[in-house]
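**Q** Structure provided below as structure tokens; questions to follow.
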Amino acid sequence: MIEVFTASTPNGIKVPIALEELGIPYRLHKMPMGSPEYRSAEFLQINPNGKIPVIRHDDGGNAPVTIFESGAILLYLADSFGGLAGATAAARGQTLSWLFLQVAGLGPMMGNAAHFRSLKSPDPYTVGRFHGEANRYLGLIEARLRDAEWLNGETYSIADIAHFSWVRSAAYAGIDLKDFPILEAWVQKIEKRDATRRAFAKLA
Ligand SMILES: N[C@@H](CCC(=O)N[C@@H](CS)C(=O)NCC(=O)O)C(=O)O
């Protein structure tokens with residue numbers, strides 16, 4: 001069984017979406033933002049960084065495996081259960097490139113853009129810097145999806161799942177997706193997938 005410690009946030013939703021796509025049963029452990037559980041000794045043992053998402057996988061045989069960091073979890077699930085990472089070497093390479101671009105680039109830039117603009121006295125340079133970078137990343141994804149239906153160039157993958165949950169939240173960073181019509185259509189397409197709907201319903 002896979003236990004998922006998570007919440008309905010851009011990083012948190014990635015894991016239930018991937019599990020639903022793979023058809024793997026899981027047990028949800030919901031951790032609302034701000035809950036004291038994030039700083040509990042028990043939780044810090046499974047993620048020393050004190051953040052969701054985290055999974056604990058007990059396959060009934062080997063010792064349970066604990067994994068934190070959404071990108072690592074997505075890769076672990078794709079490797080363990082076979083799927084969502086591209087069938088060819090080229091598609092897998094592209095999956096990794098776009099996945100890492102999300103966790104190391106778009107996510108932190110957009111997260112900081114949202115954080116700094118929400119302050120009572122936002123500093124214009126800081127807000128402009130993160131807002132500009134978030135826009136630049138969105139432009140990269142928009143350009144990629146102009147030439148390919150999915151980010152790895154072949155199939156829906158963990159790279160799409162990782163970006164989807166952030167791109168759909170662009171408004172928090174002060175970005176209107178109307179400025180990125182290809183991205184807007186891609187988000188709507190992913191929102192309509194049965195697996196996405198099930199994941200959101202379970203986390204609601
Ligand atoms: N790089 C991490 C980021 C995880 C992260 O920032 N999680 C947020 C929710 S989206 C969180 O747990 N925040 C609660 C806290 O920091 O106390 C990942 O991709 O998993």
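We did not get these values from a lab; they are worked out from the coordinates using the rules stated. Keep in mind the model is a prediction, meaning the values are calculated, not measured. Positions of Cβ are backbone-derived with ideal geometry, glycine not excepted, and every protein chain shown enters the neighbour counts.
**Q** Using the Karplus curve 6.51 cos²θ - 1.76 cosθ + 1.60 with θ = phi - 60°, what ³J(HN,Hα) values do you get for each residue of region 110-123, in whole Hz, with x for Gly and Pro?
**A** Using θ = phi - 60°, the values come out as 5, x, 6, 4, 5, 4, 6, 6, 7, 5, 5, 10, x, 7 Hz.
**Q** Less than 17 Å apart at the alpha-carbon level, and either on another chain or at least 8 residues along: which aspartates and glutamates does that give for K192?
**A** Output for K192: E20, E21, E149, D160, E184.
**Q** For region 1-114, with the dipole built from +1 on Lys and Arg beta-carbon atoms and -1 on Asp and Glu ones, taken about the Cα centre, which of V103, A89, I67 lies farthest toward the positive end?
**A** V103
**Q** Considering only DSSP states other than H, G, I, E and B, which trypsin sites (Lys or Arg not before Pro) in region 85-173 qualify as loop sites with at most 12 other Cβ atoms within 10 Å?
**A** Sparse-neighbourhood loop trypsin sites (Lys or Arg not before Pro): K120.
**Q** Could you pull the Cα extents of region 89-193 along its three principal axes, largest to smallest, in whole Å?
**A** Extents along the principal axes: 47, 24, 20 Å.
**Q** If I take R0 = 22 Å and measure r between the Cβ atoms of A63 and S40 in this structure, what FRET efficiency does the formula 1/(1 + (r/R0)^6) give, to the nearest 0.05?
**A** 0.50
**Q** Quick one: which residues, 5 or more positions from H29 or on another chain, have an amide H under 5 Å from its amide H? H modelled 1.01 Å from N in the peptide plane, none for Pro or chain starts.
**A** The answer is V4, F5, T6.
**Q** Right, next: More than 30 angstrom separation, counting every C-alpha pair in the chain; what % is that?
**A** 21 percent
**Q** Counting pairs of alpha carbon atoms under 8 Å apart in space and at least six apart in sequence, what relative contact order in percent does region 89-193 give?
**A** 35 percent
**Q** A further question follows. Mind checking which of A114, G128, H163 is farthest towards the positive end of region 89-193's charge dipole, using Cβ charges of +1 (Lys, Arg) and -1 (Asp, Glu) about the Cα centre?
**A** Working it through, the farthest residue towards the positive pole turns out to be A114.
**Q** Mind running the shape call on region 28-93? Use the C-alpha gyration tensor, a ≥ b ≥ c as the square roots of the eigenvalues: rounded below 1.5 for a/c, prolate if a/b tops b/c, oblate otherwise.
**A** It is prolate, given that a/c is not under 1.5 and a/b is the larger ratio.
**Q** Dipole size in debye (nearest 20) for region 89-193 around its Cα centre, Lys and Arg Cβ +1, Asp and Glu Cβ -1?
**A** That gives region 89-193 a dipole magnitude of about 180 debye.
**Q** Also, I was wondering about something else. For region 17-29, take each phi angle, set θ = phi - 60°, evaluate the Karplus expression 6.51 cos²θ - 1.76 cosθ + 1.60, and give the result in whole Hz per residue in order, putting x for glycine and proline.
**A** 4, 5, 5, 5, 4, 7, x, 9, x, 8, 10, 8, 10
**Q** Ok, one more. Let a ≥ b ≥ c be the square roots of the eigenvalues of the Cα gyration tensor of region 149-204; is it rounded (a/c under 1.5), or, if not, prolate (a/b larger than b/c) or oblate?
**A** oblate
**Q** Here is a further query. Output the pairs from K30/K51; K14/K189; K120/K178; K14/K202 with a Cα-Cα distance over 18 Å in this structure; if there are none, say none.
**A** K120/K178
**Q** Magnitude of the Cβ-charge dipole of the chain, K/R +1 and D/E -1, about the Cα centre, nearest 20 debye?
**A** Value, rounded to 20: 440 debye.
**Q** Now a separate question. What list of ³J(HN,Hα) values in whole Hz, one per residue of region 172-185 in order, does the Karplus curve 6.51 cos²θ - 1.76 cosθ + 1.60 (θ = phi - 60°) give from phi, with Gly and Pro shown as x?
**A** 4, 8, x, 10, 8, 5, 4, 6, 10, x, 5, 5, 4, 5
**Q** Let me ask another. Relative contact order of the chain, please, whole-number percent, based on alpha carbon pairs below 8 angstrom and at least 6 residues apart.
**A** 25 percent
**Q** What's the center-to-center distance, using Cα atoms, between region 17-83 and region 162-182 in Å?
**A** What the calculation gives is 25 Å, centre to centre.
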